[in-house]
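Following: one structure in structure tokens, then a few remarks.
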Amino acid sequence: MPTKPYVVDVTKLPRQYRFGGAMSETAVLMDHCILKFSWGRPASGEMSGRLAAAGKPDVHPWDQCIVLISGRVEVTLGDNGSLGTYECGPGYYIYIPANVPHIGRVLGDEEAFGVDVFAPIREDYLDMAKHQLDHEKA
């Protein structure tokens, strides 16, 4: 999808906020995937998944992987945690196949920052990459 090189500081890109500002996100595109950068505040109850703050797992038809850069998160995989619950810190890689229920939450006192990769591209996240799409038109 993108055809032009794009070099940016992701910390300065426009963000979308969820859960009363407890989570912020932005994204960039590649040909067959979208990378989402997520910041989650401690005790937010949420790191990934739009419904997880209500205690319901997120489930979607995209493969997802997360690389945790800073902070600590707890990730629960499968129906009722049937695939395990994991405490993850910086450097952890979490792969979630399509259609696997999952819930993530921030642990401790530090903000968590991670990079999520979704493949194929999540059309519902394209609005987070508008800055890059606008660059493509320039």
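What the table shows:
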| quantity | calculated |
| --- | --- |
| Note, ³J(HN,Hα) from phi for the stretch 61-72, Karplus 6.51, -1.76, 1.60, rounded to Hz, x at Gly and Pro | x, 10, 5, 9, 10, 10, 10, 7, 9, 8, x, 10 |
| Full-stretch length increase - residue 7, residue 74 - with 0.36 nm per residue and alpha-carbon distance subtracted | 21.0 nm |
| Descending semi-axes in whole angstrom, ellipsoid equivalent of the chain, from the Cα gyration tensor | 25, 17, 13 |
| Reference-scaled alpha-carbon Rg (2.2 N^0.38 Å with N residues) for the stretch 74-138 | 1.42 |
| Ranking by accessible area, most exposed first, for 56, 12, 4 with a 1.4 Å probe | 12, 56, 4 |
| Nonlocal Lys pairs with alpha-carbon distance under 28 Å, the stretch 1-137 (8 or more apart, or different chains) | 10 |
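The values are calculated or read from the model by the stated rules, or taken from the named source; none is laboratory data. Worth saying up front: this structure is predicted, and the values here are computed from it rather than measured. Accessible surface areas use protein heavy atoms only, side chains included; no ligands, DNA or RNA. Shrake-Rupley method; radii C 1.70, N 1.55, O 1.52, S 1.80 Å.
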